Amino acid sequence: MKNLIIGIITVVVLISCSISKSVYVNGVRIPDVIPFSKFKGDTAAYLQTNIENRKAYYIGKEVDVLLKDVEQPIKSFIFTTSRLKIQGKSKINGMNLYFYDEDKFSKAIDTKKFIPSISLDFMSPYMDLDTFALILTKNNNKYWSPEMEMYIRKQRIEKVQYFDGGIGNK
């Protein structure tokens, strides 16, 4: 009898360990992130697959959650402001994250090459343009500084999508 109980407990433990901790949004299962190694170096396919498959999961979450999932380092970014002003102050309500360093990014634009990116719209309260300028000045105009990254990671996501930057051919 003792061996039977130990056997049942072992089976229950093994089954519970083998079940993945799935994430659901509005009753729909969100797929796990597929590792970059499965894409054989194809950053565009990696981003498109993982961002499009998981975008419902990121809504309402901090940018930090998305950046922890993306296995590629952010090399540069562009803020989108849409001329948004709240109480007389300019605000930043979104950004595009790029995975090319500035030289490769510039060359891609010049040659009209495909530039994979993640486009984000933020939830209110939006980033203050003056705060962004202050951080930029303090970091010798280095856009992706540790201080800027920390500030961006705290923003909440309203919309996320894979984007080719509208530049070049796929």
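On a straight-distance basis, which lysines could pair with Lys104 in a cross-link, Cα separation under 23 angstrom, same-chain partners fewer than 8 positions away excluded?
Result set, ordered by chain and number: Lys40, Lys75, Lys112, Lys113, Lys142, Lys170.
Quick check: from the Cα gyration tensor, does region 99-167 come out rounded (a/c under 1.5), prolate or oblate? If you can, show how the numbers build up before the last one.
Numbers: a/c = 2.65, a/b = 1.31, b/c = 2.02.
Taking the square roots of the gyration eigenvalues as a ≥ b ≥ c, region 99-167 is oblate.
Counting other Cβ atoms within 10 Å, keep those with at most 10, restrict to DSSP loop, and tell me which trypsin sites (Lys or Arg not before Pro) in region 45-111 are left. Write out the running numbers ahead of the final one.
Working: sites: Arg54, Lys55, Lys61, Lys68, Lys75, Arg83, Lys85, Lys89, Lys91, Lys104, Lys107; in loops: Lys61, Lys75, Arg83.
Filter output for region 45-111: Arg83.
For a quick protection proxy, order the peptides 92-101, 126-135 by their average other-Cβ count within 10 Å, most packed first. Don't skip to the end; give the middle numbers.
Working: 92-101: 19.7, 126-135: 15.7.
Answer by packing, highest mean first, reads 92-101, 126-135.
Mind putting a number on the dipole of region 30-170 about its Cα centre? Charges go on the C-beta only, +1 for Lys and Arg and -1 for Asp and Glu, and I need it in Debye to the nearest 20.
Details: 22 positive and 18 negative charges, 48 e Å.
Value, rounded to 20: 240 debye.
Quick one: Kirkwood hydrodynamic radius for region 25-170, alpha-carbon pairs, angstrom, one decimal?
Numbers: mean 1/r = 0.0621 Å⁻¹.
Evaluated over region 25-170, this radius sits at 16.1 Å.
In whole Å, what are the extents of region 77-125 along the principal axes defined by its C-alpha atoms, from largest to smallest?
Its Cα atoms span 41, 17, 15 Å along the three principal axes.
Values quoted throughout were computed directly from the atomic coordinates according to the rules given, and no laboratory measurement underlies them. Here the structure is a predicted model, which means the values were calculated and not measured. For neighbour counting, all protein chains shown are included, and Cβ atoms are generated from backbone atoms with ideal geometry for every residue, glycine included.
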